[in-house]
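Please read the structure below before turning to the comments.
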């Protein structure tokens, strides 16, 4: 049974973070030569629910990470927008407050356009044989995972496991994870507004006489068109292929944990939106802010995060206290599937002890 430390929202100040992260504080002499990556998500252009730089700074400061050997990082994405190339992504991260001298430098982990890769060979029991991870993983010693716990279109919810699996993958790895999940257009609902065309970063959507059409040969399965369609005409058929996505994502999370030492996972239960920080229209919070968790176990911390959100009183028309709010939002996407898969892979335990700080 893993220990998950919980700092409630009313104590989220510098003293509270020092207490929360005291067991994980870096020893400057012991780790003086380590390169330390702090994995974050600075938020998509137009997104407002990402964890702000001021809270990330509280965690970074409390951990006593080595000066001049620590950097913030994330990877590029498949779809259109400002996170497709490293220069634009760095500029966006700076605009969102993730910049020096307040914080360590922000460096994109998979190169200028997502092709800087590091191959990780997985155990024979995995469907994925070689995981194509961000190249930076081959050059760092330690990583700190700072995740925003929230809903996710394909995984049900996203926390530490999703952040490792999708967030550390190079572009080819992301494509592999998404490649079995393809959206389609319901012709009777399509209004031909063109919102999906502008949202697609792979030029996979074209107009026909009465509706749009998605070319499966070009589609990366990123799901951005589903989010942008104003009338809900674009959908994914939730069948066995969606389960393949979760399996591949979880195996990529295992690859990340094999590639680099991760002594602490930090989940922020703030601005808990129904959609992820990659979306411009992520939706209003599902519950009030809860706090922040820390653990050495990615499975335990995600299970504890889910349990706390489930127990919380809802905002708006979300599920009542005691019911899974993410499952109500997307009944065909049970986020617990990733927890079971990760536990089966030996990444951690769903059984945990919650320790109030």
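Every number here is computed from the coordinates shown, using simple stated rules; none is lab data. Bear in mind that the values here come from a model prediction, so they are computed numbers and not experimental data. Cβ coordinates were reconstructed from backbone atoms using ideal geometry, including for glycine residues, and neighbour counts include every protein chain displayed.
Taken along the Cα-to-beta-carbon direction at a fixed 7 Å, the label points for residue 67 and residue 197 span 5.5 nm. Cα centroids of segment 1-54 and segment 244-319: 14 Å apart. Rounded to the nearest 10 degrees, the angle from helix 298-311 to the longest Cα principal axis of the chain is 70 degrees.
Note the angle between two axes, namely the Cα long axis of helix 86-95 and the longest principal axis of the Cα atoms of the chain, as a number of degrees from 0 to 90, rounded to the nearest 10. Rounded to the nearest ten degrees, it is 70. To the nearest 10 degrees, how steep is helix 240-259 against the longest Cα principal axis of the chain, on a 0 to 90 scale? Its long axis makes an angle of about 30 degrees. Each of residue 187 and residue 127 was given a label point 7 Å from its Cα along the Cα-to-Cβ line. The distance between the two points is 3.1 nm. Placing a pseudo-label 7 Å from each Cα along the Cα-to-Cβ vector at residue 45 and residue 102 gives an inter-label distance of 2.1 nm.
Between residue 15 and residue 210, what's the calculated FRET efficiency when r is the beta-carbon distance and R0 is 41 Å? Round to 0.05. The computed FRET efficiency comes out at 0.10.
Just to be sure I understand: of the beta bridges DSSP finds with both ends in segment 24-159, what percent are antiparallel, rounded to 5? Antiparallel bridges make up about 40 percent of those DSSP assigns within segment 24-159. Gyration tensor over the Cα atoms of the chain: the corresponding equivalent ellipsoid has semi-axes (square roots of 5 times the eigenvalues, largest first) of 31, 23, 20 Å. Each peptide in 177-185, 194-202, 34-42, 7-15 receives the mean, over its residues, of other Cβ atoms within 10 Å, and ordering these scores from highest gives 34-42, 177-185, 194-202, 7-15.
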